[in-house]
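Trainee: One structure follows; several queries about it will come next.
The values are calculated or read from the model by the stated rules, or taken from the named source; none is laboratory data. Please read all numbers here as calculations on a predicted model, not as lab measurements. In this analysis, Cβ positions are derived from the backbone assuming ideal geometry, glycine residues included, and neighbour counts consider all displayed protein chains.
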Amino acid sequence: MTAHRHIRPAAQLVDICKRLHQQGFLAAADGNLSYRENGRIVITPSGVAKADLHIDDLAETDLKGEPARGNPSSEKLMHLAIYQQCPQAVAVVHAHPPHAIAWSIARPDLHWLPEGAMSELILAVGAVPVVPYARPGTAELSNNLTPYLPGHRALILSRHGVICWGESLAEAYHGVERIEHAAKVLCLAHQLGGITELPAEEVAALRELRNALGDRIL
């Protein structure tokens, strides 16, 4: 991915959209991304394929969701819920990575991705909740996020996708990558014979290390 340290947030957002599409984490106009800047939300527009997105296509709203420019994503309520409840949130990325979604379809009993199987998942992200299903774009879906905020920055939306927030666009994007990579490894382990977990004392030690590292997605 393009180095993001010195490029404008709008250009970075467009770059991440294309990256997500190339990785198969988005199809056509799926997904939505945003960042917060100077009291406004810059967000991807409704109905525009992410592979073809240009900076001039981006829309803007205020923190209450009132459009200021363009045609904001129909799922803007999720983004607004995060910005309103997470003061540290600078960016939100919502994508549709296949393995993460597949877990929520095949295992509707799961309320959390099985984090105890992988040290990297615990250290880099922490616990990943599966948010109960609600129709995309509705206030119900935004409300379903509330119990997990601000404590979790990377979440699976049941039968829908993944949503991650961070203190930068790069952090939010890395959350999507982390979840999908873990979901794929867990899927392969399941196919090869079953998911096993680390000993409880090791999981506890890894969680302590995670707490020492802080809240950011690594």
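Trainee: Could you run through segment 45-68 and say how many residues are more than 21 Å from residue 27 (Cα to Cα) and surrounded by 13 or more Cβ atoms within 10 Å (Cβ to Cβ)? It would help to see each step written out before you state the result.
Mentor: Step one: list which residues in segment 45-68 are more than 21 Å from residue 27 (Cα to Cα), which gives 60-68.
Filter once more, so that each one left must be surrounded by 13 or more Cβ atoms within 10 Å (Cβ to Cβ): 60-61, 65, 67.
Total satisfying the criteria: 4.
Trainee: Next up: Yes or no: residue 186 over 20 Å from residue 84 (Cα atoms), modelled with pLDDT of 95 or more and exposed (fewer than 14 other Cβ atoms within 10 Å of the Cβ)? Please lay out each step first, then the result.
Mentor: Working: over 20 Å from residue 84 (Cα atoms): yes; modelled with pLDDT of 95 or more: yes; exposed (fewer than 14 other Cβ atoms within 10 Å of the Cβ): no.
So residue 186 fails the test.
Trainee: Of (1) free of Cβ contacts under 8 Å to residues at least 60 places away in the same chain; (2) farther than 21 Å from residue 170 by Cβ, residue 27 satisfies all except one. Which?
Mentor: Condition not satisfied by residue 27: (1).
Trainee: If you check residue 14 against the conditions, is it in contact with a Leu (Cβ under 9 Å, 6 or more places away or on another chain), within 17 Å of residue 153 (Cβ to Cβ) and either surrounded by 13 or more Cβ atoms within 10 Å (Cβ to Cβ) or not aliphatic (A, V, I, L, M) (or both)?
Mentor: no
Trainee: Moving to a separate point now. Could you tell me whether residue 47 is farther than 26 Å from residue 87 by Cβ, touching a residue at least 12 places away in the same chain (Cβ under 8 Å) and more than 18 Å from the chain's Cα centre (by Cα)?
Mentor: For residue 47, the condition - farther than 26 Å from residue 87 by Cβ, touching a residue at least 12 places away in the same chain (Cβ under 8 Å) and more than 18 Å from the chain's Cα centre (by Cα) - is met.
Trainee: Note down all Cβ pairs under 9 Å where the first residue falls in segment 186-207 and is under 14 Å from residue 127 (Cα atoms), the second is polar (S, T, N, Q), and they're at least six residues apart or on different chains.
Mentor: Listed pairs, sorted by first residue: 203/119; 206/119.
Trainee: Out of all the residues in segment 70-120, which are within 15 Å of residue 26 (Cβ to Cβ) and either without any contact (Cβ under 8 Å) to a residue 12 or more places away in the chain or of a type outside the set (Gly, Ala, Ser) (or both)?
Mentor: 75, 92, 93, 94, 96, 97, 98, 99, 101
Trainee: Which of the residues that make up segment 170-213 are farther than 30 Å from residue 24 by Cα and of a type in the set (Gly, Ala, Ser)?
Mentor: Of everything in segment 170-213, those that are farther than 30 Å from residue 24 by Cα and of a type in the set (Gly, Ala, Ser) turn out to be 200, 204, 205, 212.
Trainee: I'm trying to understand the selection: among the residues of segment 96-117, which are surrounded by fewer than 20 Cβ atoms within 10 Å (Cβ to Cβ), assigned to a loop (DSSP other than H, G, I, E, B) and not basic (Lys, Arg)?
Mentor: Matches in segment 96-117: 96, 108, 109, 110, 111, 114.
Trainee: With respect to residue 121, determine if the residue is out of contact with any strand residue (DSSP E or B) (no Cβ under 8 Å at 6 or more places or on another chain) and either crowded, with 23+ Cβ neighbours inside 10 Å or of a type in the set (Gly, Ala, Ser) (or both).
Mentor: yes
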